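S.K.: Could you have a look at this structure, given as structure tokens, before my questions?
Where a number appears in this text, it was derived from the coordinates with a stated rule and is not lab data. Just so we're clear, the structure is a prediction, and the values are computed from it rather than from any experiment. Quick reminder, even Gly has a Cβ in these numbers, built from the backbone with ideal geometry, and neighbours come from all protein chains shown.
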Amino acid sequence: MGQLEEGLDYGRRALDVFRRTGDRRGEGVVLGNIAWAYLLVAQDPTTALSYAREALTIDREVRDRRNEMCVLDTIGLIYRELGDYETALEHLHRALAMALELGSNMFEDEFRTNILDTYLLATKVDK
């Protein structure tokens, strides 16, 4: 088993535990992490989007604003990878707005950079 599969296996096991114990917040966090792994390591944005959407639903349900903010950013990056820059920017701007609202300087800087990179990629496509 490769490192990606081993990591995803741990994530799936953690997800099972959170689901069995009814820990919806933990479930949302792990789903977001699995989405991130599918996006960056497996380079499978379609599968990543499925996990991220599920994470977002749970984050909103349990009112985990910090994780919701991070998942919105992840979804933005997924759409950017899929070439849908408009939808990517919508999600990235919502993540940035939440970072500003929550006073999260570290995430604010990261999200601004992701927005910049997305505009640059969209500009290249428009040429």
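S.K.: Of all the residues that make up segment 96-114, how many are closer than 19 Å to E86 by Cα, touching a helix residue (DSSP H, G or I) at 6+ places or on another chain (Cβ under 7 Å) and touching a residue at least 24 places away in the same chain (Cβ under 8 Å)?
M.R.: So the first thing to find is which residues in segment 96-114 are closer than 19 Å to E86 by Cα, and the list is 96-98, 110-114.
Now restrict to residues that are touching a helix residue (DSSP H, G or I) at 6+ places or on another chain (Cβ under 7 Å): 96, 98, 111-112, 114.
Checking the rest, the ones that are also touching a residue at least 24 places away in the same chain (Cβ under 8 Å) come to 98, 111, 114.
The total comes to 3.
S.K.: Follow-up. Cβ-Cβ below 9 Å, separation at least six or inter-chain, first residue in segment 3-22 and closer than 15 Å to Y51 by Cα and in contact (Cβ under 8 Å) with a residue 12 or more places away in the chain, second surrounded by 13 or more Cβ atoms within 10 Å (Cβ to Cβ) and of a type in the set (F, W, Y): which pairs?
M.R.: Listed pairs, sorted by first residue: L8/Y38.
Here is a yes/no grid of residues against (1) charged (D, E, K, R); (2) surrounded by 15 or more Cβ atoms within 10 Å (Cβ to Cβ):
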| site | (1), (2) |
| --- | --- |
| T47 | no, yes |
| E54 | yes, yes |
| I78 | no, yes |
| A97 | no, no |
| G103 | no, no |
| F111 | no, yes |
